[in-house]
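The block underneath contains the structure these notes are about, expressed in structure tokens.
None of the figures in this text is laboratory data; all of them are computed from the coordinates on show. Nothing here was measured: the structure is a model prediction, and the numbers come from that model. All Cβ positions, glycine included, derive from the backbone under ideal geometry; neighbour counts span all protein chains shown.
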Amino acid sequence: MSEQENSTPEGMLSKMMAVAAVATAFVSPAAADPAVLSFSQEWSTDLTGYIFLPVSTTGTSTVAGSSGSIDLSLRDALELLDFAASIRSESWKGDFGLIFDANYLSLGQDFVGGGGGSAQVDVEQYWLAFMGAYRVAGSNGAGDRPYSFDIHAGARYNSLKQQLDLNGPGPGMSFGGTETWWEPVIGARYTWQINDRWTGAVLADAGGFGVNGSDLQFSTTLGFDYGYDNGGSLKLGVRYYSIDYSNVRSDGLFAYDVDQVGPFVGYTFRF
């Protein structure tokens with residue numbers, strides 16, 4: 001996009017849509033935690049910090065009724081990122097578990113156009129998920145490697161801010177704003193111990209289902225966990241993630257319809 005095109009409201013909105021699409025890129029749900037394989041009647045908890053690195057982000061973003069196509073590489077996404085932090089806590093006792101996810105992201109970018117005009121893009125996203133889990137099948141390893149199949153369900157609170165402020169010789173203009181919503185979440189996971197160091201997991205979850213403008217959030221994950229002698233573990237894997245959200249604001253349609261795929265990495269502390 002040329003500098004002249006960037007200085008127009010339409011060009012700024014297109015750029016903002018690309019920035020805003022990155023907001024979902026670094027805050028997707030974490031992979032399986034080996035606490036699910038403890039089978040202990042005492043509480044076992046894993047606390048994980050992680051990040052998702054989308055090598056491809058495609059779809060459509062709409063702000064103030066203006067839509068734009070998105071096609072971002074990992075390099076594009078990292079250039080737009082200011083700060084991202086994600087943690088997941090998972091606690092198990094027997095066949096019952098509690099899962100909590102917290103994610104925060106902040107992006108901001110300034111643009112200078114012709115004629116003394118300028119624009120500021122402000123994107124902030126966070127979400128909190130609270131879920132209960134139940135192991136429907138599993139083995140603690142008697143005569144074989146431990147494995148577990150569990151299901152989980154709960155609620156997720158989402159907050160997404162996409163705001164573009166245009167400044168120039170005349171009156172300034174502002175587009176977008178903040179949307180918040182609750183949505184239900186369900187999922188299933190299969191976890192198995194590969195050897196004394198490695199654990200594998202396959203996870204799928206879905207949320208939204210048309211509640212509060214969230215048509216569907218869906219992800220599938222293949223993850224692996226390498227355990228260290230100190231009780232911690234390294235997590236890595238690959239994930240596909242999609243979101244389809246829309247709502248009508250006073251300034252027009254506000255919507256996301258984005259698909260992402262890429263690796264993730266994290267580290268777990270166990271206690």
Considering amide H positions built from the backbone, and no H for Pro or chain starts, which residues 5 or more places from D82, or on another chain, come under 5 Å of its amide H?
S106, G108
Which Cα, out of G108, S118, L166, lies furthest along the positive dipole direction of the stretch 101-173 (beta carbon charges, K/R +1, D/E -1)?
G108
Which ³J(HN,Hα) values in Hz, rounded to whole numbers, follow from the phi angles of the stretch 65-73 under the Karplus curve 6.51 cos²θ - 1.76 cosθ + 1.60, where θ = phi - 60° and Gly and Pro get x?
x, 9, 9, x, 7, 10, 8, 10, 8
In debye, nearest 20, what is the charge dipole magnitude of the stretch 110-210 about its Cα centre with +1 on Lys and Arg Cβ and -1 on Asp and Glu Cβ, if you could check?
400
With Cα coordinates, the longest principal axis of the chain makes an angle with the long axis of helix 9-22, in degrees rounded to 10, of 10
Dipole of the chain (Lys/Arg Cβ +1, Asp/Glu Cβ -1, origin at the Cα centre): which of L80, Y147, G262 lies farthest to the positive side?
Y147
Specify the residue with the greatest mean-square fluctuation among G232, G170, G213, computed from a Gaussian network of the chain linking alpha-carbon atoms under 10 Å apart.
G170
Compute the distance in nm between two label points, each set 7 Å from the Cα along the Cα-to-Cβ direction, one at I151 and one at L128.
2.7
A correct Karplus calculation of ³J(HN,Hα) over the stretch 256-271, with 6.51 cos²θ - 1.76 cosθ + 1.60, θ = phi - 60°, whole Hz and x for Gly and Pro, returns 10, 8, 10, 10, 9, 8, x, x, 9, 8, x, 9, 10, 9, 10, 8
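Show that you can apply the helix-only estimate: for the chain, add -39,500 (n - 2.57) for every DSSP H stretch of four or more residues, divide by all residues, and state [θ] at 222 nm to the nearest 500. Can you show the working numbers first?
Values: 3 runs with 25 residues, N = 271.
Calculated from helices alone, the mean residue ellipticity at 222 nm is -2500 deg cm²/dmol.
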Can you list the residues, at least 5 places off or on another chain, whose amide H is less than 5 Å from the amide H of R249, using H built in the peptide plane?
F254
For the chain, modelled as a Gaussian network with Cα springs under 10 Å, which listed residue fluctuates most, V258, V63, V112?
V112
Taking the Cα centroid of the stretch 162-205 and of the stretch 69-112, what is the distance between the two, rounded to the nearest whole Å?
6
For the chain, the charge dipole (Cβ of Lys, Arg +1; Cβ of Asp, Glu -1; about the Cα centre) points to a positive end, and the Cα of G208, T220, L47 closest to that extreme belongs to L47
Whole-Hz ³J(HN,Hα) from phi, Karplus 6.51 cos²θ - 1.76 cosθ + 1.60, for the stretch 171-188, glycine and proline x:
x, x, 10, 10, 10, x, x, 10, 10, 10, 6, 9, 8, x, 9, 9, x, 8
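Which whole-number percent gives the relative contact order of the stretch 147-271, counting Cα pairs below 8 Å spaced six or more residues apart? Write out the running numbers ahead of the final one.
Values: 284 pairs, mean separation 21.8, N = 125.
This gives 17 percent for the stretch 147-271.
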Honestly the chain on the Cα gyration tensor test (a ≥ b ≥ c root eigenvalues; a/c under 1.5 rounded, otherwise a/b vs b/c for prolate or oblate) is just prolate
Size of the dipole of the stretch 3-261 about the Cα centre, Lys and Arg at +1 and Asp and Glu at -1 on the beta carbon, nothing else charged, in debye to 20?
520
